[in-house]
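Step one of this worksheet: look at the structure below.
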Amino acid sequence: MNAIIGDVEDCIQATQRAIDVYGCRTIKLKVGLDSETDLQRVHSVAELLGASFPSEQIGIRIDANGRWSLEQATEVLHEMAELPIEYVEQPCRSESELLSLRRRIQIPIAVDESIRIDRLDSVKEFADLAILKVSPLGGIAETTRMAERIGLPVRISSALETSVGLSPSLLAAHELAPDAAAGLGTGALLRTDLVREPVVPLNGRIQVKRVEPDPSILASHAPRADLVSYWRARMEVAFESIAQPTRELVDMEG
């Protein structure tokens, strides 16, 4: 599993914890701040990993969430060329920028936000890997179908689910990318969970198994009645705002 470090976290402290507590040898680091800060943070992570594990066993994944311009991404990634960067995720926002960047750098490009259900066949034109999240895609079967249509190596990542939600993602990672570190160590970021023994890495690995919520913990997190009414009302308003133009179009055509 890879550990994940946010762009506002102390990367030295967080990396050391990922190594000491969870045994992670692969770190995913959020970037996309100013170039100097990004470079300093990645260098710090590389130094800590290199001091703890053999160089051939470590990896750094960086995720800019599309915040770099083409020129900024080119400059920063050239500076990182000698570091153990496994891939850069979503360095730029647009497909045209990603296509141009791919021609300029040697670091593989992974995409997440740029994947569109109606353009799956084109992803391989501007990316080397696809990051897929099982829960938003609707389960293991749909994730597998999408991976087949994209036709690229995939990495399975979480959507910050509880341990219950991570369970199917672990199965998908085992089936689709068994030899690669998955991005499913996010259970360590949660303050509370729905199980007695949260799904977190141990020596950099998580056992693939079915996870069920603990009834007593689930009951303690039951939503308040007033919040249920509040969110139901908001959903009804949202549905009406979406459905109204459709009804008007039908009425006009009729």
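General remarks:
- In the set ILE107, ILE117, ILE85, only one residue is among the β-branched types (Val, Ile, Thr), farther than 27 Å from ASN203 by Cβ and at pLDDT 95 or above; that residue is ILE107.
- Test: residue in the range 29-42 that is within 19 Å of the chain's Cα centre (by Cα), assigned by TED's automatic domain parsing to the domain that holds ASP128, under 18 Å from ALA127 (Cα atoms) and modelled with pLDDT of 95 or more: no
- Residues in the range 141-164 that are within 21 Å of VAL199 (Cα to Cα) and surrounded by fewer than 19 Cβ atoms within 10 Å (Cβ to Cβ): ALA159, LEU160, VAL164.
- Inside the range 108-122, residues that are within 13 Å of the chain's Cα centre (by Cα) and among the charged types (D, E, K, R) make up a count of 2.
- Residue check, ARG17 farther than 16 Å from GLY185 by Cβ and among the basic types (Lys, Arg): no
- Among the residues listed as GLU89, GLU71, GLU113, the single one being among the charged types (D, E, K, R), exposed (fewer than 15 other Cβ atoms within 10 Å of the Cβ) and within 13 Å of ALA130 (Cα to Cα): GLU113
- Residue check: VAL76 meets all listed conditions (1) modelled with pLDDT of 95 or more; (2) under 19 Å from the mean Cα position of the chain (by Cα) but one, namely (2).
- Which numbered condition VAL208 misses (of (1) part of a loop (DSSP other than H, G, I, E, B); (2) β-branched (Val, Ile, Thr); (3) within 22 Å of ILE62 (Cβ to Cβ)): (3)
- Checklist (1) hydroxyl-bearing (Ser, Thr, Tyr); (2) out of contact with any helix residue (DSSP H, G or I) (no Cβ under 8 Å at 6 or more places or on another chain); (3) farther than 20 Å from ASP63 by Cβ applied to SER94, failing item: (3)
Conditions (1) farther than 29 Å from ARG116 by Cβ; (2) in contact with a strand residue (DSSP E or B) (Cβ under 7 Å, 6 or more places away or on another chain); (3) modelled with pLDDT of 95 or more; (4) not hydroxyl-bearing (Ser, Thr, Tyr), marked per residue:
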position: GLY151; (1), (2), (3), (4): no, no, yes, yes
position: ALA159; (1), (2), (3), (4): no, yes, no, yes
position: LEU170; (1), (2), (3), (4): no, no, yes, yes
position: THR192; (1), (2), (3), (4): yes, no, no, no
position: ARG210; (1), (2), (3), (4): yes, no, no, yes
position: ILE217; (1), (2), (3), (4): yes, no, no, yes
position: VAL237; (1), (2), (3), (4): no, no, no, yes
position: ALA243; (1), (2), (3), (4): no, no, no, yes
position: THR246; (1), (2), (3), (4): no, no, no, no
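- Residues in the range 1-21 that are surrounded by fewer than 20 Cβ atoms within 10 Å (Cβ to Cβ) and touching a strand residue (DSSP E or B) at 6+ places or on another chain (Cβ under 6 Å) were compared, and the one that is modelled with the lowest pLDDT is ASP7.
The values are calculated or read from the model by the stated rules, or taken from the named source; none is laboratory data. Predicted, not measured: the structure shown is a model, and the values here were computed from it. Heads up, the Cβs are rebuilt from the backbone with ideal geometry, glycines too, and the neighbour counts pull from every protein chain shown.
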